[in-house]
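Here is the structure we will look at, set down as structure tokens.
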Amino acid sequence: MNKKDLMEFLKNLKKTGQKISCLTSYDYPSARLLDEAGIDLILVGDSLGMVVLGHPDTTQVTLNDIQHHLKAVRRGATRSIVAADLPINTFDTVPKAVESSQILSAAGADMIKLEGALCPQIKAIVKEGIPVIAHLGMLCQQILIEKQYRIKGKTPEEAKRLLREAHEIQEAGASAVVLELVSPPVAQQITQELEIPTIGIGSGIHCDGQILVWTDLLGLQPWFRPSFVTPKADLASSIQKAVKEYINDVKTNHGE
Ligand code: KIV
């Protein structure tokens, strides 16, 4: 699908009431499994920093990191839409945002995602023919300033601001918007008011789609589990069980 058709495709899913399924992925095998399972959209998120690289937050992820993992994901995903995050400090000016987006587009991203209502950046990237997913609500790249992950839009002022920003990013040309930890009634109102799809994470069931970090969904990292996630598997236990059996086989000369 070319990038223009992609923007129409997402709008049409919303128009026809079809929910959009999204998960993150950071490597070839997981991307291939998600793609073959039928996921609509795979995001190479900067959650990479925590999930794969072992950092405490997303603030140390670089464009090179995303580019490297995106290439592997692209090789695994032949059917799903692949989006990639612009990491912190890679889109603070309009020219930088355009250059970073072009690098990720060349590495295989169908769309790029950026945090915040940065309308000049969104307009410029879209003008270059690269579809944009905006990201409002809890902005994880701001964690060192914010100090904690918390629900946004609980006060009337915050709710009003989120609604205004949602309309602004749509006006700027964004094709979709991730709503992270947005108070569910506010996420629902944004979803009703916008033409572009909303993709929720911890923002209630009324968004046009949902996204999760794939390791959260599959119980792969039991040391960190966001409260809004109900894992659908317990891969950590399965892996440890298999590894323990293997260790035992090796130690007792029963296996290779
Ligand atoms: O980086 C990421 O994985 C994300 C999702 C949580 C939306 O931005």
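Brief remarks follow.
- Pairs exceeding 22 Å between alpha-carbon atoms, taken from LYS19/LYS71; LYS4/LYS160; LYS3/LYS127; LYS11/LYS127; LYS96/LYS127: LYS19/LYS71; LYS4/LYS160.
- Shown in residue order for region 81-91 are the 3J(HN,Hα) couplings computed by the Karplus curve 6.51 cos²θ - 1.76 cosθ + 1.60 at θ = phi - 60°: 5, 10, 10, 9, 7, 7, x, 3, 6, 10, 9 Hz (x for Gly and Pro).
- Semi-axis lengths (Å, descending) of the ellipsoid that matches the C-alpha gyration tensor of region 3-217: 23, 19, 18
- Highest mean first, the peptides 203-213, 91-101 sorted by other C-beta atoms within 10 Å per residue fall in the order 203-213, 91-101.
- Taking the C-alpha atoms only, the angle from helix 184-193 to the longest principal axis of the chain is near 50 degrees.
- For the chain, the 222 nm mean residue ellipticity estimated from helices alone, with every DSSP H stretch of n ≥ 4 adding -39500 (n - 2.57) and the total spread over all residues, rounds to -13500 deg cm²/dmol.
- For region 3-217, a crude dipole built from +1 on the beta carbon of Lys and Arg and -1 on the beta carbon of Asp and Glu, taken about the Cα centre, is about 240 debye to the nearest 20.
- Note, ³J(HN,Hα) from phi for region 60-77, Karplus 6.51, -1.76, 1.60, rounded to Hz, x at Gly and Pro: 9, 6, 10, 4, 4, 4, 5, 4, 4, 6, 4, 4, 5, 4, 4, 5, x, 10
- Computing FRET efficiency as 1/(1 + (r/R0)^6) for ARG150 and ASP92, where r is the C-beta to C-beta distance and R0 is 35 Å, gives about 0.90.
- Acute angle (nearest 10 degrees) that the helix 235-251 long axis makes with the longest principal axis of the chain, alpha-carbon atoms: 20
- Taking a Cβ cut-off of under 14 Å around LEU139, the surrounding Lys, Arg, Asp and Glu residues balance to a net charge of -4, with basic ones at +1 and acidic ones at -1.
- Summarising the overall dimensions of region 114-184 from its C-alpha atoms, the Rg and Dmax are 12.4, 37 angstrom.
- Derived scalar couplings ³J(HN,Hα) [region 205-222; Karplus, 6.51 cos²θ - 1.76 cosθ + 1.60; whole Hz; x for Gly, Pro]: 8, 8, 6, 6, x, 9, 10, 9, 6, 4, 5, 5, 4, 9, x, 8, 10, x
- Modelled spin-label separation between LYS71 and LYS11, with each label point placed 7 Å from Cα along the Cα-to-Cβ direction: 3.5 nm.
- Here region 1-106 is treated as a Stokes sphere of Kirkwood radius computed over C-alpha pairs; at 37 °C and 0.692 mPa s its diffusion coefficient rounds to 226 µm²/s.
- For the chain, the longest principal axis of the Cα atoms and the long axis of helix 156-172 meet at an angle of about 80 degrees.
Values quoted throughout were computed directly from the atomic coordinates according to the rules given, and no laboratory measurement underlies them. Being a predicted model, the structure only gives us computed values, none of them experimental. Using ideal geometry, Cβ is built from the backbone for each residue, glycine included, and neighbour counts are taken over all protein chains shown.
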